[in-house]
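The values are calculated or read from the model by the stated rules, or taken from the named source; none is laboratory data. Everything numeric in this text was worked out from a predicted model, so none of it was measured. Note that we place each Cβ from the backbone using ideal geometry, even for glycine, and neighbour counts take in every protein chain shown. What goes into the accessible areas is simple: the full protein's heavy atoms, side chains included, and nothing from ligands, DNA or RNA. Shrake-Rupley method; radii C 1.70, N 1.55, O 1.52, S 1.80 Å.
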Amino acid sequence: MLIQIREFKDFLKYESKFGMRVLLFDLLMINKLYFRDVYVKKLLKFAQYNQYKFTFFIRSYDLDKKTKLLKKLQKQGHEIACHGHSHELYGNKSKNWLIKEINLSKKLFLSQGIDVHGFRSPFLSETKIMYSILEKLGFRYVSNRFNINSIDCQDTKFIHDELIYPSDWHGLIVEKFDIKTLVNEWRGKKGTLLLHPWIFLKHLNVFKTILNSNNKDFRI
């Protein structure tokens, strides 16, 4: 329960940056959409039918309850990457907290037989200390930053998988683009698309237009 309280506080802190409209929208929609596994199940059916392979960033909280999902992802050939343990902001946390949090997440994935190599922090929050911890724990890449991020981590050996701005959430909810405008904004840009299952499925027919590569392995 304490984790959920901390998560909610950080959710409010993060969302408030985008104004009351975005905050209220996500408060209304979060229970309806974010926590329903039906969206992931439908996405996996779509991926299996079309032989697509994606990267799923998963947090390790309650990972023992996601065993069936993890096995299904592995069986279908998707990549499982780490999204931290709890969904809390990293920028306002101590070094000791970050060490415990990321180390716990890594261990929980290993307990499920999964050695995660990719990382995306909650809310895309980051610090230099976070990167040094990830490097010591053997992570190979971080998919955590748009080209507008500013933290300098040139001294790390990570592959920084740059995200295309805006993500589906930033584009549709924060910037108030319609779906066709958003997809057109992505065309021709290099990088990785950050997509949420419930948004992806809602606009599946439009998103299909960008999934037209002969190489259907879309993993990072």
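What the table shows:
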| quantity | calculated |
| --- | --- |
| Some residue of region 18-26 being among the acidic types (Asp, Glu), over 16 Å from the mean Cα position of the chain (by Cα) and farther than 29 Å from Ile210 by Cα | no |
| Pair list, Cβ < 6 Å and 6+ apart or interchain, from region 179-195 residues that are on the phi > 0 side of the Ramachandran plot to residues that are β-branched (Val, Ile, Thr) and part of a loop (DSSP other than H, G, I, E, B) | Gly191/Ile164 |
| Pick from region 117-133, criterion in a helix (DSSP H, G or I) and hydrophobic (A, V, I, L, M, F, W, C), ranking: farthest from Leu70 (Cα to Cα) | Ile129 |
| Hits in region 117-132 - residues which are basic (Lys, Arg) and crowded, with 18+ Cβ neighbours inside 10 Å | Arg120 |
| Of the criteria (1) more than 16 Å from Gly191 (Cβ to Cβ); (2) at pLDDT 85 or above; (3) hydroxyl-bearing (Ser, Thr, Tyr), which one Ser150 fails | (2) |
| In region 92-116, the residues that are assigned to a loop (DSSP other than H, G, I, E, B) and surrounded by 15 or more Cβ atoms within 10 Å (Cβ to Cβ) | Lys93, Gln112, Ile114, Val116 |
| Number of positions in region 12-45 that are crowded, with 17+ Cβ neighbours inside 10 Å and under 25 Å from Val116 (Cα atoms) | 4 |
| Any hit, region 158-170, residues being modelled with pLDDT of 85 or more, open to solvent by 50 Å² or more (accessible area, probe 1.4 Å) and over 30 Å from Gly138 (Cα atoms) | no |
| Those residues of region 171-216 which are of a type in the set (Ser, Thr, Tyr) and open to solvent by less than 40 Å² (accessible area, probe 1.4 Å), in sequence order | Thr192 |
